[in-house]
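**Student:** Below you will find the structure I want to go over with you.
The values are calculated or read from the model by the stated rules, or taken from the named source; none is laboratory data. All of these numbers come straight from a predicted model, not from anything done at the bench. Cβ placement follows ideal geometry from the backbone for every residue including glycine, while neighbour counts extend to all protein chains displayed.
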Ligand SMILES: Nc1nc2c(c(=O)[nH]1)N[C@H]1C(S)=C(S)[C@@H](COP(=O)(O)OP(=O)(O)OC[C@H]3O[C@@H](n4cnc5c(=O)[nH]c(N)nc54)[C@H](O)[C@@H]3O)O[C@H]1N2
Ligand SMILES: Nc1nc2c(c(=O)[nH]1)N[C@H]1C(S)=C(S)[C@@H](COP(=O)(O)OP(=O)(O)OC[C@H]3O[C@@H](n4cnc5c(=O)[nH]c(N)nc54)[C@H](O)[C@@H]3O)O[C@H]1N2
Ligand code: SF4
Ligand SMILES: [Mo]
């Protein structure tokens, strides 16, 4: 019935489901779950299983495009590469390498991202390279490194199968990570006590023993309140604290200020519920934490992750099966793109670009001089482009004009560049501003590896070939690098991974041949032993000890007032994926064909809004129009929407407030004014007002 079947890894979310992709007549005919996939154990969600028709859509990019007199025309690969060589060469000569910046795609493979950062560092000569983790879980990465040492989950999804209690905060896995969502449901049926913390009553709240609805941006107070009760009621593990941590005393000085009553005032969560949550977690033999963007995409997102780590350390819930911290990383390879050094301040495995030994290691391998100064983060790139300091960008697999905050600012930045290259599988909001568009390959058409949210490096295999004249990302990056004068010496992605293994201690035991059907969780020793559980006997910080962080609650960057009385939270829905370039081109669009904004029945009544009305949403930053959905899953005073459809331009509403340590945007707290259209007639249109 099928011409061929390959076992591969899903290219949507960070769960990393293993899939069997069946092809017929050069197309993907169907996809089924791999029964032995360690993260999915025979399950998938509707994206992994059914959302593959995008791969042969007529509007796939199948040849390079070059902009001439404002219009794109079809070009040959030679013309496109020549144009890139000439323009980037000129800009580097005239303005220096730091006038050029690149983005690596967290949707693409480790090998693609490793090649991209080498291109930027070795062929161009700049550390101006970043990836989508910046707007997603960079706060998680920062905090886990500060508290424990390594940038990754401390355990595996299987920890949910034998833990006694889990606090799930700021994540909605039945929509964002459905296979993990189902695993959490199963765990509750077996008796695991689940506490959900989310301003919205997410589906999993119905499976838990307790649901807390904090005001958006008040997670820090909730975590400090839980720590307060754990200490006050003697639920700590003093032996663990003594033997394996430092800094507890400073935390203790802070905790008296966070009684459950004070936390209730800040967060709106009843004091009794704070106490109850602390007891559920603190009394369990083994307990887990899991979190998502409701924690990270805030002004103090990285600090909240440190406060979560505190609670785990106080109770000794780290370094054992069933006692894990499991951030639900977003894109299929956002863990990997960062591990590969596609970041402005680190090489592979988060080793600093300023570290002489590390820089020398790469210089010797690549035979070029590399810069020691940190490069621009994504928001710094846009600021520099607006200021005229950044002249060119090479954007690989990221739709910044739709997904980054403050769309008007992003568009101004892209318009101000002298030259821009986009490498994608479709034309997007971002490719409009490109000078050259390079047609690339989706996860169904290439070979390499993705690293999931459990640090598991898994193989990706092509089920079909790239359409028309499209090439794999790996081939394209090699072509561009070579045109810029730096040959990437690998024939295959497997050879690129061998270079990573050679230069990266935690990856030294990884090779494509060794990954097999189940992958390996880094760190992997030279003999191939991997690490499902981190920190069993020491933390990866000086002295082997974990660090408590004494960080007080601080108010979020935006707040409701008379002019903007409601708080908008943005996030995701099951049927669509981020920019939606892929899922909007599949049957999923029949299930959900637009963004809509959730509003509580009382607010809707008060504002004269009916279910299904297209309403006006205005923030301090901009304005847009979205269809209303009336639901009591959301609290009074809050509204919720997504960013999956370009027509909505949700991110016109988002300002520039961001995490204090990592500049992850505050996508989750935006004060807005919402009203029926018509009352708005006198206001200026969206882009103009932004
Ligand atoms: N179907 C689908 N799946 C996806 C994606 C997709 O677009 N669609 N995207 C992928 C990506 S890139 C990512 S990063 C993940 C994201 O997965 P999640 O982290 O689950 O994503 P969100 O829906 O953005 O936000 C999670 C929850 O945070 C809550 N929240 C907001 N503010 C606060 C707060 O102050 N406190 C608390 N406690 N909660 C708050 C929101 O109400 C929301 O329910 O999903 C991945 N999977
Ligand atoms: N308002 C609001 N905005 C948000 C968020 C939010 O919660 N609220 N969440 C943020 C988060 S967590 C994230 S991760 C970002 C995601 O933002 P993006 O990274 O921009 O979104 P994606 O849809 O994941 O994909 C990016 C692009 O990669 C292309 N692509 C997919 N696969 C490949 C491939 O193999 N090769 C190439 N070359 N291209 C490929 C797609 O066509 C798409 O254009 O959005 C952020 N934006
Ligand atoms: S849960 Fe995530 S990895 Fe698994 S099939 Fe769905 S989108 Fe793919
Ligand atoms: Mo993400």
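**Student:** For region 12-30, give me each residue that is surrounded by fewer than 23 Cβ atoms within 10 Å (Cβ to Cβ) and more than 16 Å from ligand 2 (Cβ to nearest atom).
**Tutor:** Across region 12-30, the qualifying residues are 20, 22, 23, 24, 25, 26, 27, 29, 30.
**Student:** For region 329-352, which positions are within 16 Å of ligand 1 (Cβ to nearest atom) and out of contact with any strand residue (DSSP E or B) (no Cβ under 6 Å at 6 or more places or on another chain)?
**Tutor:** Selection gives 329, 330, 331, 334, 338.
**Student:** Considering 155, 149, which residue is more than 16 Å from ligand 4 (Cβ to nearest atom), surrounded by fewer than 22 Cβ atoms within 10 Å (Cβ to Cβ), outside any helix (DSSP H, G or I) and not assigned by TED's automatic domain parsing to the domain that holds residue 14?
**Tutor:** Answer to the check: 149.
**Student:** Continuing with this model, one more query. Take residue 319 and decide whether it is at pLDDT 95 or above, within 29 Å of the chain's Cα centre (by Cα) and surrounded by fewer than 20 Cβ atoms within 10 Å (Cβ to Cβ).
**Tutor:** Values: at pLDDT 95 or above: yes; within 29 Å of the chain's Cα centre (by Cα): yes; surrounded by fewer than 20 Cβ atoms within 10 Å (Cβ to Cβ): no.
The answer is no for residue 319.
**Student:** I'm checking my understanding of the structure. Among residues of region 1-20 that are part of a strand (DSSP E or B) and farther than 26 Å from residue 172 by Cα, which one is farthest from ligand 1 (Cβ to nearest atom)?
**Tutor:** Ranking the qualifying residues of region 1-20, first place goes to 4.
**Student:** Any idea how many residues of region 546-565 are buried (at least 17 other Cβ atoms within 10 Å of the Cβ) and touching a helix residue (DSSP H, G or I) at 6+ places or on another chain (Cβ under 8 Å)?
**Tutor:** Qualifying residue count, region 546-565: 7.
**Student:** Given 419, 474, which one is farther than 17 Å from residue 382 by Cβ and either in contact with a strand residue (DSSP E or B) (Cβ under 7 Å, 6 or more places away or on another chain) or assigned by TED's automatic domain parsing to the domain that holds residue 116 (or both)?
**Tutor:** 474 is the lone residue from the list that is farther than 17 Å from residue 382 by Cβ and either in contact with a strand residue (DSSP E or B) (Cβ under 7 Å, 6 or more places away or on another chain) or assigned by TED's automatic domain parsing to the domain that holds residue 116 (or both).
**Student:** Could you tell me how many of the residues in region 628-658 are assigned to a strand (DSSP E or B), away from ligand 1 (no atom under 15 Å from the Cβ) and under 14 Å from residue 668 (Cα atoms)?
**Tutor:** Of the residues in region 628-658, the ones assigned to a strand (DSSP E or B) are 628-630, 634, 638-641, 658.
Filter again for away from ligand 1 (no atom under 15 Å from the Cβ), leaving 628, 630.
After this cut, where a residue has to be under 14 Å from residue 668 (Cα atoms) as well, the list is none.
Residues flagged as assigned to a strand (DSSP E or B), away from ligand 1 (no atom under 15 Å from the Cβ) and under 14 Å from residue 668 (Cα atoms) within region 628-658 amount to 0.
**Student:** Looking at region 170-195 only, could you name the residues that are farther than 25 Å from residue 10 by Cβ and either within 12 Å of ligand 1 (Cβ to nearest atom) or not assigned by TED's automatic domain parsing to the domain that holds residue 221 (or both)?
**Tutor:** Matches in region 170-195: 195 only.
**Student:** Which residues, counting only those in region 39-64, are in a loop (DSSP other than H, G, I, E, B) and within 12 Å of ligand 3 (Cβ to nearest atom)?
**Tutor:** 39, 40, 41, 42, 43, 44, 45, 51, 52
**Student:** Another question, if that's okay. Looking at region 502-529 only, could you name the residues that are at positive phi and buried (at least 18 other Cβ atoms within 10 Å of the Cβ)? Even if it seems obvious, please write down each step before you answer.
**Tutor:** Going residue by residue through region 502-529, those that are at positive phi are 516, 519, 528.
Listed by number, the list holds a single entry, 519.
**Student:** Considering only residues that are farther than 30 Å from residue 578 by Cβ and in contact (Cβ under 8 Å) with a residue 60 or more places away in the chain, which ones fall in region 325-368?
**Tutor:** Kept after step one, since they are farther than 30 Å from residue 578 by Cβ, are these residues of region 325-368: 354-368.
The answer is 361, 362, 365, 366, 368.
**Student:** Filter region 76-100 down to residues that are in contact with a strand residue (DSSP E or B) (Cβ under 7 Å, 6 or more places away or on another chain) and within 16 Å of ligand 2 (Cβ to nearest atom) and give me whichever is nearest to residue 368 (Cα to Cα). Don't jump to the end; show me each part of the working.
**Tutor:** As a first pass, look at region 76-100 and keep what is in contact with a strand residue (DSSP E or B) (Cβ under 7 Å, 6 or more places away or on another chain): 79-80, 83-84, 87-88, 91-92, 99-100.
Adding the requirement that they be within 16 Å of ligand 2 (Cβ to nearest atom) leaves 80, 84.
On the way: 80: 26, 84: 21 Å.
Out of the qualifying residues, it is 84.
**Student:** Here is a further query. Among the residues of region 67-78, are any within 16 Å of ligand 3 (Cβ to nearest atom) and assigned to a loop (DSSP other than H, G, I, E, B)?
**Tutor:** Narrowing region 67-78 to residues within 16 Å of ligand 3 (Cβ to nearest atom): none.
Looking through region 67-78, none of the residues is within 16 Å of ligand 3 (Cβ to nearest atom) and assigned to a loop (DSSP other than H, G, I, E, B).
**Student:** What helices (runs of 4 or more DSSP H) completely inside region 332-417 contain at least 3 residues that are surrounded by fewer than 21 Cβ atoms within 10 Å (Cβ to Cβ)?
**Tutor:** Hits in region 332-417: 356-366, 378-387, 407-416.
**Student:** Would you pick out the residues in region 92-128 that are within 21 Å of residue 441 (Cα to Cα) and assigned to a strand (DSSP E or B)?
**Tutor:** If the condition is that a residue be within 21 Å of residue 441 (Cα to Cα) and assigned to a strand (DSSP E or B), then 102, 103, 104 are the ones that fit.
**Student:** Please go through region 38-57 and pick out each residue that is more than 16 Å from ligand 1 (Cβ to nearest atom) and in contact with a helix residue (DSSP H, G or I) (Cβ under 9 Å, 6 or more places away or on another chain).
**Tutor:** If the condition is that a residue be more than 16 Å from ligand 1 (Cβ to nearest atom) and in contact with a helix residue (DSSP H, G or I) (Cβ under 9 Å, 6 or more places away or on another chain), then 38, 41, 53, 55, 57 are the ones that fit.
**Student:** Conditions first: (1) under 21 Å from the mean Cα position of the chain (by Cα); (2) farther than 30 Å from residue 160 by Cβ. Residue 75 passes all but one, so which condition is the exception?
**Tutor:** (1)
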